[in-house]
Amino acid sequence: DAKTTQPPSMDCAEGRAANLPCNHSTISGNEYVYWYRQIHSQGPQYIIHGLKNNETNEMASLIITEDRKSSTLILPHATLRDTAVYYCIVRVATNAGKSTFGDGTTLTVKP
Amino acid sequence: GAVVSQHPSWVICKSGTSVKIECRSLDFQATTMFWYRQFPKQSLMLMATSNEGSKATYEQGVEKDKFLINHASLTLSTLTVTSAHPEDSSFYICSVPATGQPYGYTFGSGTRLTVV
């Protein structure tokens with residue numbers, strides 16, 4: 001799996017958009033970008049994934065650059081409950097193999 | 001969506017005893033499950049891959065005799081921490097891969113183990 005780099009921490013004001021970047025410059029053509037988040041003392045939760053097109057679901061939007069070397073997770077209207085550690089993972093999607101987690105970004109949403 | 005149940009959510013045990021943690025996939029079959037360990041303010045560290053009907057595959061540095069994994073059915077994997085010591089106190093999490101592309105994971109809610 002390709003290595004990812006994320007900033008260790010970010011702050012965001014409640015109600016504003018939170019933009020979390022992820023660098024994956026060594027991504028391969030068949031690797032997807034996945035985002036998960038982990039609220040304190042809980043298991044990680046799937047947020048969104050994408051290959052090369054931008055994706056949106058009820059939780060977030062995922063913007064992947066044209067060269068696919070980086071991506072941004074967007075929480076359009078952050079709430080206090082979005083305070084969590086956000087992990088970006090890049091992996092091949094053709095098997096159910098293991099994945100390793102980087103350090104992620106700790107997002108703190110402030111009132 | 002897929003549901004993974006992990007039990008217990010927390011456990012306190014005495015040093016030298018063994019503790020079993022269960023991970024169940026409630027609405028789908030899982031030939032593979034993954035076990036992670038997480039220390040405070042650190043990321044998830046993959047411990048082992050649990051394989052239904054065969055031996056688990058352990059990551060480098062993880063003691064297989066210390067962390068016994070059993071995956072006897074398509075819906076249940078167990079992690080037993082044997083002869084637990086205070087340094088084994090941690091947050092243990094299981095995950096199950098989705099059954100179709102593009103494979104993501106569903107995680108259990110985690111087990112907080114405290115060894116006293």
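Throughout, read-outs are computed from the coordinates displayed, never taken from laboratory work. Because the structure is predicted, anything quoted here is derived from the model rather than measured. Neighbour counts are summed over all protein chains in view; Cβ atoms, including those assigned to glycine, are modelled from backbone coordinates with ideal geometry.
Taking max minus min of the alpha-carbon positions on each principal axis, region A:30-86 gives extents of 34, 22, 17 Å, largest first. Put a plus charge on the Cβ of each Lys and Arg, a minus charge on the Cβ of each Asp and Glu, and nothing anywhere else: the dipole of the protein assembly as shown about its Cα centre is then about 260 debye. Near the amide H of A:Thr108, within less than 5 Å, lie the amide hydrogens of A:Met10, A:Asp11, A:Cys12, all on another chain or at least 5 residues away, with H placed in the peptide plane. For a 28 Å ceiling on Cα separation, which of these pairs sit above it: A:Lys69/B:Lys64; A:Lys110/B:Lys20; B:Lys20/B:Lys55; A:Lys3/A:Lys52; B:Lys41/B:Lys66; A:Lys98/B:Lys14? In this structure, A:Lys69/B:Lys64; A:Lys110/B:Lys20; A:Lys98/B:Lys14 exceed 28 Å between Cα atoms. What the Cα atoms of chain A give is an Rg and a Dmax of 13.3, 42 Å.
Only one residue of A:Val33, B:Ile12, A:Gly97 has its Cα farthest out toward the positive end of the dipole of the protein assembly as shown, where Lys and Arg carry +1 and Asp and Glu -1 on Cβ, and that residue is B:Ile12. In whole angstrom, note down how far apart the Cα centers of region B:54-108 and region A:24-75 are. A separation of 25 Å, based on Cα centres. What would the Debye formula give as log10 I(q)/I(0) at q = 0.17, 0.24 Å⁻¹ for the alpha-carbon point model of region B:63-116, no solvent? Debye output, listed in q order: -0.67, -1.04.
In chain B, the sites counted are trypsin sites (Lys or Arg not before Pro) in DSSP loop states with at most 16 other Cβ atoms within 10 Å, and the longest stretch holding none of them, exclusive of the sites, is B:67-116.
Exposure proxy shown here: for B:Cys13, B:Cys23, A:Cys22, A:Cys12, the number of other Cβ atoms within 10 Å sets the order, fewest to most, as B:Cys13, A:Cys12, A:Cys22, B:Cys23. Divided by 2.2 N^0.38 Å, where N counts the residues, the Cα radius of gyration of the protein assembly as shown comes to 1.03.
At q = 0.15, 0.16 Å⁻¹, what base-10 log of I(q)/I(0) does the Debye formula yield for region B:1-61 when every alpha carbon is treated as an equal point scatterer in vacuo? Each listed q corresponds, in turn, to -0.61, -0.70.
P(r) tail, region B:13-116: Cα-Cα pairs separated by more than 17 Å, 50% of all pairs. Only Lys, Arg, Asp and Glu carry charge here, each on its Cβ (+1 for the first two, -1 for the last two); on that basis chain B has a dipole of about 180 debye about its Cα centre. Simple rule: put +1 on each Lys or Arg Cβ and -1 on each Asp or Glu Cβ in the protein assembly as shown, find the dipole, and look at A:Ala18, B:Met47, B:Phe34; the Cα lying farthest toward the positive end is B:Met47.
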